[in-house]
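All remarks here apply to the structure that follows.
The values are calculated or read from the model by the stated rules, or taken from the named source; none is laboratory data. In this text the structure is predicted, and so the values were computed from the model without any measurement. Neighbour counts run over all protein chains shown; Cβ positions are idealised from the backbone, glycine included.
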Amino acid sequence: MPKTKSDSLFKLIKSLKKSEKRYFKLHTLGESNGENKKFVKLFDQIDQQIAFDEDLILENSPEIKPEQLSNIKAHLYKRILQSLRQYHVAKVPDIEIREVIDFAEILYNRCLYGQCVKILQKAKKKARKYDYLELLLEIYKLEKKVLTHTVAKDNQERVNTLVQEVQEVNDRINNINTYTNLAAQLNAFYLRAGFIRNQKDYQKIRKYVKSCLPDYNEDLLSLNEKLHLYDLLVGYYFFIQDFEQGYNYAKKWVAVLDASRELIASRLDMYIKGINSLMIAQYKLYMYHEFVDTHKKLKSIRTMSHLELNENIQVKLFKYNYVHEFNRYFMRGDFKLGVARFNKIKNNLEEYITRLNRHSRVIMYYKIACLFFGNDNHREALSWINKIINEEDIDLREDIHSFARILNLICHYELGNNDVIEYYIRSTYRFLLKKDDLHSFQKYILNFLKKLNRVSSEEELIKQFEGLREQLIPLTLNRYEKRAFIYFDIISWLESKIQQKPIQSIVKEKAQKIIEPDTVIA
């Protein structure tokens, strides 16, 4: 029976680009010996496999004994990583700096202190340029070791300067650790529950952030400190639904790197995250023109020179580009065009979705479901909602799971599936109670849907829709209830039923009133 379990070596080889594979083989075969040829042969066999099959490898390589395979795989794995490091050393500044530090360590161990100091100065200059604080500490550590072996008139002065520099770097690292620790805690809360639901949530988060965030002078912070502070503050303000403040800090975040273009390559992950955060704020605040301009900036990253678009970056660019492309259709109410665009990219999109983490997948499923709902494709919307409902981890983004169940009910109503609505109402009610997410918004909708089965005339039906709309409008002004309208524009849906128009028409009319009249919506 072939072994089909996943293998770390298999995954590593499959992640390589053609140029990286070619470099590895040239580098390995250049060191010509029998062992290296074994490595290349094993590499080629695994590269050709669709699923990892150890038995097939042994069958095709009689020179490799079964008891040797595990050891050869481990050595091949290490060789590939070494090759990747060497391949990327000139493209990734921190790898290059680490290599120079390693060279300095070798020179130090040979008592070549002058040469050691000379190349450490080069490493220090580059580390300062890119604000790599941890690498600076490594350089300072080695500099202090060298100083103990040298005698010069200015030794005391050099020691004093070094001690001061180490203290400054440590202080900055401590600040960054504080910001990133807080951001990680907030993110954990957000991944579980989504936006704050009530006063209790708000007080808990506000108190936590206020007690843990030290005083700071923004003007005195270094680039790295600013980036991580802005990341924290954007996450905090988004979490408490203060999108205006979130927008302000996201704008600062992107501006910091735009003002230091040469650092974007080494901070590409943070740059993309900042642009995404800015676009989220612009979308929530309906800043259509700014949103479009920022989206162009995001798309232009692929064409920027001297950027290393690794797998992680490519997946993020893909995810953010499509999520915001869908958001643009939502802002304009152009669901028909959005669905047409989705159908063109469906195969490519579905392939990429499998590479997203569970959180990103759930968001993508919900966006697509809302896109189809806005185009009155309720059956297709249901199929994407079911992907969320059937997710095993319902403790991840409980808010989206809750509103997916509300949207599920409305889709069944639109499809005339009255026989299952009663069951889904009970199921949704139990779910919301379990997750402590049964608020006025959900109660009004569940009660409304219960009544609809008993309505016999068109006139009475319109009254029911109008009644629900009157109940929901005040909630749009409630700090905690208004989060519901972030997930689904139910007011526009109700107005479409009252006016007997497609929901797309209602949303588009509203969009045209917000966007300037001379704007071409295309």
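Looking only at segment 239-271, which residues are surrounded by fewer than 16 Cβ atoms within 10 Å (Cβ to Cβ) and within 18 Å of the chain's Cα centre (by Cα)? Matches in segment 239-271: Asp269 only.
Selection over segment 50-76 of residues that are surrounded by fewer than 16 Cβ atoms within 10 Å (Cβ to Cβ), assigned to a helix (DSSP H, G or I) and under 33 Å from the mean Cα position of the chain (by Cα) gives a count of 1. Cβ-Cβ distances below 8 Å connect the following pairs, each with a first residue in segment 286-308 that is over 16 Å from Asp258 (Cβ atoms), a second residue that is of a type in the set (D, E, K, R) and surrounded by fewer than 17 Cβ atoms within 10 Å (Cβ to Cβ), and a separation of six or more residues or different chains: Glu308/Lys91.
A single entry from Glu165, Glu225 fulfils the requirement of being among the charged types (D, E, K, R) and free of Cβ contacts under 8 Å to residues at least 40 places away in the same chain: Glu165. Given the criteria part of a helix (DSSP H, G or I) and over 22 Å from Thr178 (Cβ atoms), does Lys226 qualify? Against the criterion (part of a helix (DSSP H, G or I) and over 22 Å from Thr178 (Cβ atoms)), Lys226 does not qualify. Taking the listed residues Glu244, Glu168, Glu157, the one that is closer than 27 Å to Lys125 by Cα and at pLDDT 90 or above is Glu168, with no other qualifying.
Anything in segment 203-233 that is surrounded by 13 or more Cβ atoms within 10 Å (Cβ to Cβ) and among the acidic types (Asp, Glu)? List them, or say none. Once the filter is applied, which keeps residues that are surrounded by 13 or more Cβ atoms within 10 Å (Cβ to Cβ) and among the acidic types (Asp, Glu), segment 203-233 yields Glu225, Asp231. Could you say whether any residue in segment 146-157 is of a type in the set (Ser, Thr, Tyr) and assigned by TED's automatic domain parsing to the domain that holds Arg110? Yes - at least one qualifying residue is present in segment 146-157.
The residues on offer are Ser496, Ser505, Ser492, Ser456, and the sole one that is exposed (fewer than 15 other Cβ atoms within 10 Å of the Cβ), part of a helix (DSSP H, G or I) and among the hydroxyl-bearing types (Ser, Thr, Tyr) is Ser505.
Here Ala369 meets the list (1) crowded, with 21+ Cβ neighbours inside 10 Å; (2) at pLDDT below 90 almost entirely, failing just condition (2). Confirm whether Asp47 is touching a residue at least 12 places away in the same chain (Cβ under 8 Å), charged (D, E, K, R) and surrounded by 15 or more Cβ atoms within 10 Å (Cβ to Cβ). For Asp47, the condition - touching a residue at least 12 places away in the same chain (Cβ under 8 Å), charged (D, E, K, R) and surrounded by 15 or more Cβ atoms within 10 Å (Cβ to Cβ) - is not met.
May I ask you to verify whether Gly416 is small (Gly, Ala, Ser), surrounded by fewer than 16 Cβ atoms within 10 Å (Cβ to Cβ) and over 25 Å from the mean Cα position of the chain (by Cα)? For Gly416, the condition - small (Gly, Ala, Ser), surrounded by fewer than 16 Cβ atoms within 10 Å (Cβ to Cβ) and over 25 Å from the mean Cα position of the chain (by Cα) - is met.
Any residue in segment 179-192 that is touching a Leu at 6+ places or on another chain (Cβ under 8 Å), modelled with pLDDT under 95, under 23 Å from Val100 (Cβ atoms) and of a type in the set (Lys, Arg)? No, there is no match, as no residue in segment 179-192 is touching a Leu at 6+ places or on another chain (Cβ under 8 Å), modelled with pLDDT under 95, under 23 Å from Val100 (Cβ atoms) and of a type in the set (Lys, Arg). The residues of segment 470-484 that are without any contact (Cβ under 8 Å) to a residue 40 or more places away in the chain and in a helix (DSSP H, G or I), listed by number, are Glu470, Gln471, Leu472, Ile473, Pro474, Leu475, Thr476, Leu477.
Once segment 252-279 is narrowed to residues that are polar (S, T, N, Q) and in a helix (DSSP H, G or I), the residue that is nearest to Leu223 (Cα to Cα) is Ser266.
So is Asn375 under 26 Å from Ile515 (Cα atoms), in contact with a helix residue (DSSP H, G or I) (Cβ under 7 Å, 6 or more places away or on another chain) and surrounded by fewer than 19 Cβ atoms within 10 Å (Cβ to Cβ) or not?
no
For segment 462-469, the criterion of being over 24 Å from Ser402 (Cβ atoms) and touching a residue at least 40 places away in the same chain (Cβ under 8 Å) is met by none of the residues. Entry remark, segment 192-202: residues being assigned to a helix (DSSP H, G or I), within 18 Å of the chain's Cα centre (by Cα) and surrounded by 16 or more Cβ atoms within 10 Å (Cβ to Cβ) number 1 in total. In segment 329-416, counting only helices (runs of 4 or more DSSP H) that sit wholly within it, the ones holding 1 or more residues that are touching a Phe, Trp or Tyr at 6+ places or on another chain (Cβ under 9 Å) and closer than 23 Å to Ile313 by Cα span 335-353, 358-374.
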